[in-house]
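**Student:** Sharing a structure with you now.
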């Protein structure tokens, strides 16, 4: 459904991503941020599903064309650890937001795993977004404290997760509440990456419930 496009970063450099259009004028937009595997087919599929739901969806390619196979966690770790998260947020993600903002519509930001952490960074740092939905990723508090979140935030987290742990989620939720932020966090009896239907950790019931909750959140905060 979608196509690969080029777009300008705020610093004038160029970037690329996958864009799926809703096929109607003035559709609200959603930026979709990849897992640590890169911009692979499953993330493109998320964009396609959002387009079918009525949103223009754009996934910026944070790895500049590199896609890591699911079995190679060492390579995925190297790619993630070499990524400058702040530059990716301020340039690649913000540039993608600006692409969808050209029509003057509202734009949301979502992401998974690595992309979940980038989503929270964007919720703190990108002034053009209107709402954010994070899936099982939280960046270090030092770079993205809960008090800096600027937009309504929804989060989806797994209770069996040794990276984005339940304790970390509890603390983040408490910090959001203490800062008076508009936020709702959901927890699922599932494993990390439970939304990814291409992996054995996929949990269909949890993934479908999270999807329904995300669409309801977008309807509340992005639709006119």
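The values are calculated or read from the model by the stated rules, or taken from the named source; none is laboratory data. Quick caveat, the model's predicted, so the values are computed rather than measured. Cβ coordinates were reconstructed from backbone atoms using ideal geometry, including for glycine residues, and neighbour counts include every protein chain displayed.
**Student:** Take residue 48 and decide whether it is more than 18 Å from residue 95 (Cα to Cα) and either at pLDDT 95 or above or surrounded by 15 or more Cβ atoms within 10 Å (Cβ to Cβ) (or both).
**Tutor:** When the stated conditions are applied, residue 48 passes them.
**Student:** Still on this structure, I have one more. Filter the range 178-198 for residues that are under 17 Å from residue 157 (Cα atoms) and surrounded by fewer than 16 Cβ atoms within 10 Å (Cβ to Cβ) and give the result.
**Tutor:** 184, 186, 189, 197
**Student:** Continuing with the same structure: So in the range 20-38, with the set limited to residues that are in contact with a strand residue (DSSP E or B) (Cβ under 6 Å, 6 or more places away or on another chain) and without any contact (Cβ under 8 Å) to a residue 40 or more places away in the chain, which one is nearest to residue 110 (Cα to Cα)?
**Tutor:** Filtering first and then ranking leaves 20.
**Student:** Just one of 194, 172 is closer than 15 Å to residue 120 by Cα and at pLDDT 95 or above; which is it?
**Tutor:** Being closer than 15 Å to residue 120 by Cα and at pLDDT 95 or above holds for just one of 194, 172, which is 172.
**Student:** Taking the range 104-118 on its own, how many of its residues are within 21 Å of residue 222 (Cα to Cα), at pLDDT 95 or above and assigned to a loop (DSSP other than H, G, I, E, B)?
**Tutor:** 1
**Student:** Something else: Take residue 67 and decide whether it is modelled with pLDDT of 95 or more and assigned to a loop (DSSP other than H, G, I, E, B).
**Tutor:** yes
**Student:** Exactly one condition in (1) surrounded by fewer than 21 Cβ atoms within 10 Å (Cβ to Cβ); (2) in contact with a helix residue (DSSP H, G or I) (Cβ under 9 Å, 6 or more places away or on another chain) is not met by residue 20; state its number.
**Tutor:** Only one criterion in (1) surrounded by fewer than 21 Cβ atoms within 10 Å (Cβ to Cβ); (2) in contact with a helix residue (DSSP H, G or I) (Cβ under 9 Å, 6 or more places away or on another chain) is unmet by residue 20, namely (1).
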